[in-house]
Structure formats: structure tokens, C-alpha cells
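Have a look at the structure below, then the notes.
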Amino acid sequence: MEFLFVSTTLDNLERAKIPDPNCIVYSGRGIHLYWLLEPTHPNALPRWQACQKRLVDVCKADRQSADATRVLRLVGSINSKANVKVRAE
């Protein structure tokens, strides 16, 4: 099931011509996708937010995940709700 979800998400990104993420984190109840970016000036926040909105739409993701201040699960930590260790590839 996890593979199918990741595969579908990556297919959606490809169709939208969005580069593959640099890292995929398996949080125990879904995935987090990460892209490495150059340091960006804080004035770019509206552009970043627009990119986040597009990613949420393309990936059919949780809209709460697009919050710039959101803290996501750390790799190696335990997701107590799913009782699994968070891992990455």
C-alpha cells in the first residue's frame, strides 16, 4: 500500500512537470516530500506559499502540511499514533 501511494504521488508530480523530491520521509501515517533549495529571502514567502499550494493540489496532500511553521516528524523518531519508526529514502 505504501509503495502504491508513493508511486501515485511521484506520477502526479511527473505529470505536473515538478522535479522529484530529494527525500521521502515515511512518517507512519503518510509521507513527507522534501526538495533542497538555496537559501531564500523572507520576502519570497508568498511565492513559497504558492508553490506549497500547488504541491498540495498535485499530490492531493493534507492542506495543513503547507504551513511554513509546521514541524513534521523527525526521521528516527517513533510515531506513537501508528507505533512505527519514521524512516527516509
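Annotations for the structure displayed:
- Checking each residue in the range 50-79 for being more than 18 Å from residue 9 (Cβ to Cβ), polar (S, T, N, Q) and open to solvent by 100 Å² or more (accessible area, probe 1.4 Å) picks out only 69.
- Subset of the range 2-23 (residues that are in a helix (DSSP H, G or I), more than 22 Å from residue 79 (Cβ to Cβ) and open to solvent by 100 Å² or more (accessible area, probe 1.4 Å)): 14, 15
- For the range 24-49, a residue qualifies if it is touching a Lys or Arg at 6+ places or on another chain (Cβ under 9 Å), in a loop (DSSP other than H, G, I, E, B) and under 16 Å from residue 9 (Cβ atoms), and the qualifying residues are 27, 29.
- The set of residues from the range 13-59 being under 11 Å from the mean Cα position of the chain (by Cα), more than 19 Å from residue 89 (Cβ to Cβ) and touching a residue at least 40 places away in the same chain (Cβ under 8 Å) is empty.
The values are calculated or read from the model by the stated rules, or taken from the named source; none is laboratory data. It should be emphasised that the depicted structure is a prediction, and the values quoted were computed from it without experimental measurement. In this analysis, Cβ positions are derived from the backbone assuming ideal geometry, glycine residues included, and neighbour counts consider all displayed protein chains. Surface accessibility is based on the protein's heavy atoms, side chains included, excluding ligands, DNA and RNA. Shrake-Rupley method; radii C 1.70, N 1.55, O 1.52, S 1.80 Å.
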